[in-house]
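Everything on this sheet refers to the single structure shown next.
The values are calculated or read from the model by the stated rules, or taken from the named source; none is laboratory data. No experiment lies behind these values; they were computed from the predicted model shown. Note: ideal-geometry Cβ built from the backbone for every residue, glycine included; neighbour counts use all protein chains shown.
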């Protein structure tokens, strides 16, 4: 009887020890979130690709990564500043303005703790118009119903700047819609807007939807104002959207744009950033295969281009070890 009692106490003790160990393990696991954009854009699947790679090796680093669909670049930068996100994908111009306290961040001031991690794919400003709307270039958007982007998005920040540089206001449009990326293609094809502007990597689901659902055209964005912006601001560059990529658009289209970049905060620990970066570059070919917009990336460009905020020390150390940082 005494032996059974002792055995029972032993089993109970072992169970409590096991539960305690499991609780400790759960407490030790870290959770991080990556802010992206609308689900029909490129940011969301790219953020998902990074989290997928991180979660495959979470037993090594104890970090679980989740991807969040958000309002876009400006939202992500502000959420990182507020501690609501650990990482975010933002346009290169938004990274610059957030770190300097300019543009959309003029009222809140510089984000002193914003840190760059690496850059990603190019994002041309892509203007898509209904074929029957009589829109042939950016200037012919005047007087039309145009989606300029939802507040908090990088495309809205770029459109606000371009409109101001042209001396326009939103009143120069018949309608200045503020639709999220997931809504704009259907609204175009339902004839509720004449055109939308979207900064996005290609190929993009939203552009494919618009060009296959209804007769629509990608419109060039070029001229003196664009030349001036590209010359004055290092985070803008001219770009070409290849002909034949989308239905009904056989010719190359000239435009300009930004780059997608990944940012974090100086408050995010070195070991977390190191695990994040390592997940991407440990099997870089696998990462590039996860979305067509990533296919032409190379590590040297990702370490050296488009990163206007100071680089996080862990990312900087990683790139120096690999010999990629100039």
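A few remarks follow.
- Selected residue (criterion: modelled with the lowest pLDDT) from residues of segment 170-185 that are touching a strand residue (DSSP E or B) at 6+ places or on another chain (Cβ under 6 Å) and in a loop (DSSP other than H, G, I, E, B): 179
- For residue 317: the one exception among (1) surrounded by 15 or more Cβ atoms within 10 Å (Cβ to Cβ); (2) within 23 Å of the chain's Cα centre (by Cα); (3) more than 30 Å from residue 185 (Cα to Cα); (4) at pLDDT 95 or above: (2)
- Selection status of residue 109, assigned by TED's automatic domain parsing to the domain that holds residue 268, surrounded by 21 or more Cβ atoms within 10 Å (Cβ to Cβ) and assigned to a loop (DSSP other than H, G, I, E, B): no
- The lone criterion from (1) outside any loop (DSSP other than H, G, I, E, B); (2) touching a helix residue (DSSP H, G or I) at 6+ places or on another chain (Cβ under 8 Å); (3) farther than 28 Å from residue 208 by Cα left unmet by residue 321 is number (2).
- Boolean, residue 164 is under 30 Å from residue 46 (Cα atoms) and either outside the structural domain of residue 38 (by TED's automatic domain parsing) or not in a helix (DSSP H, G or I) (or both): no
- Under the condition of being in a loop (DSSP other than H, G, I, E, B) and either in contact with a strand residue (DSSP E or B) (Cβ under 6 Å, 6 or more places away or on another chain) or in contact (Cβ under 8 Å) with a residue 40 or more places away in the chain (or both), the residues counted in segment 297-309 number 6.
- In the set (1) on the phi > 0 side of the Ramachandran plot; (2) under 19 Å from the mean Cα position of the chain (by Cα), residue 235 fails one condition alone, (1).
- Among (1) surrounded by 17 or more Cβ atoms within 10 Å (Cβ to Cβ); (2) in contact with a helix residue (DSSP H, G or I) (Cβ under 9 Å, 6 or more places away or on another chain); (3) in the same structural domain as residue 197 (by TED's automatic domain parsing) - the single one residue 253 does not satisfy: (2)
- Residue in segment 18-36 that is within 30 Å of residue 204 (Cα to Cα), crowded, with 23+ Cβ neighbours inside 10 Å, in contact with a strand residue (DSSP E or B) (Cβ under 9 Å, 6 or more places away or on another chain) and at pLDDT below 95 present: no
- Test: residue in segment 155-169 that is out of contact with any strand residue (DSSP E or B) (no Cβ under 7 Å at 6 or more places or on another chain) and within 30 Å of residue 277 (Cβ to Cβ): yes
- Selection count, segment 113-140, where residues are in a loop (DSSP other than H, G, I, E, B) and either assigned by TED's automatic domain parsing to the domain that holds residue 193 or free of Cβ contacts under 8 Å to residues at least 24 places away in the same chain (or both): 4
- Which listed residue is at pLDDT 95 or above and under 30 Å from residue 255 (Cβ atoms), from 104, 49, 77: 77
- Hey, residue 144 surrounded by fewer than 21 Cβ atoms within 10 Å (Cβ to Cβ) and in contact (Cβ under 8 Å) with a residue 60 or more places away in the chain or not: no
- The residues of segment 121-141 that are modelled with pLDDT under 95 and more than 14 Å from residue 222 (Cβ to Cβ), listed by number, are 121, 122, 123.
- Number of the condition not met by residue 164 [criteria: (1) touching a residue at least 60 places away in the same chain (Cβ under 8 Å); (2) surrounded by fewer than 16 Cβ atoms within 10 Å (Cβ to Cβ)]: (1)
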